[in-house]
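A short write-up of the structure that comes next.
The values are calculated or read from the model by the stated rules, or taken from the named source; none is laboratory data. Values in this document were obtained by computation on a predicted structure and should not be read as measured data. Cβ placement follows ideal geometry from the backbone for every residue including glycine, while neighbour counts extend to all protein chains displayed.
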C-alpha cells in the first residue's frame, strides 16, 4: 500500500497528466503478460480513479489490433480516441484499449500511449487476467464507459456507478 492515499476529489477538472512515479504496471490476458512498464502516465480527473496509459512499445507485438468496429469517441479535453482489441493467441477482447493518436495540446504526453479498460480484462479467460500496479490487482471503475484503475493508492467515492452520471 502506498504511504499516502490520494482522494479523487482532490484531482483537477479539467484533468491533468501525471507520471505514475515509476510504478510497475502489468496487464495480463489469457494467462500471459501482454504489457509491462515502469513508465506509465496517469490521467487524473475529479471524481475518477486514475486512468493509466502505457507506452505503445510496452505491449507485446501483435497484442494491440485495431478494433473491428472502428468506432471512435471524443473527449472534450483529450480529443478523438481510437480503440484496440487486445489479442493473445485465440483470445480477442474487443475494445479493451484505446489511444489518442493526435491529442490536444495539454495531452501530448499520451500521444504514443494506450489506456486499458480493466473491466474488459479482469478474469476474462484466466483467473490471473487483469491489470496490476506494483503487484496489486486493480479494481475496475464501475460502469462501462470509464476506464479508471482503483488501487489502495486512491480513495473515492468514484464516479461511474448508477446514479453518478451527473457528478
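Structure notes:
- Of everything in the stretch 139-160 that is surrounded by 13 or more Cβ atoms within 10 Å (Cβ to Cβ), farther than 11 Å from residue 50 by Cα and free of Cβ contacts under 8 Å to residues at least 40 places away in the same chain, the residue that is nearest to the chain's Cα centre (by Cα) is 139.
- The stretch 46-88: number of residues that are in a strand (DSSP E or B) and either within 14 Å of residue 112 (Cα to Cα) or without any contact (Cβ under 8 Å) to a residue 40 or more places away in the chain (or both): 20
- The stretch 110-141: number of residues that are touching a helix residue (DSSP H, G or I) at 6+ places or on another chain (Cβ under 8 Å) and part of a loop (DSSP other than H, G, I, E, B): 4
- Yes/no for residue 20 being touching a strand residue (DSSP E or B) at 6+ places or on another chain (Cβ under 7 Å), at pLDDT below 95 and crowded, with 20+ Cβ neighbours inside 10 Å: yes
- Search result, residues across the stretch 142-164 that are part of a loop (DSSP other than H, G, I, E, B) and over 22 Å from residue 39 (Cα atoms): 142, 143, 144, 145, 156, 157, 158, 160, 162, 163, 164
- The one condition in (1) under 17 Å from the mean Cα position of the chain (by Cα); (2) closer than 27 Å to residue 126 by Cβ; (3) at pLDDT below 95 that residue 74 fails to fulfil: (2)
- Candidates 115, 109, 124, 97, filtered to the one that is surrounded by 21 or more Cβ atoms within 10 Å (Cβ to Cβ), touching a strand residue (DSSP E or B) at 6+ places or on another chain (Cβ under 6 Å) and touching a residue at least 40 places away in the same chain (Cβ under 8 Å): 115
- For the residues 43, 34, the requirement of being assigned to a strand (DSSP E or B), farther than 30 Å from residue 90 by Cβ and modelled with pLDDT of 95 or more singles out 43.
- Residues in the stretch 1-17 that are outside any strand (DSSP E or B) and surrounded by 15 or more Cβ atoms within 10 Å (Cβ to Cβ): 8, 11, 15.
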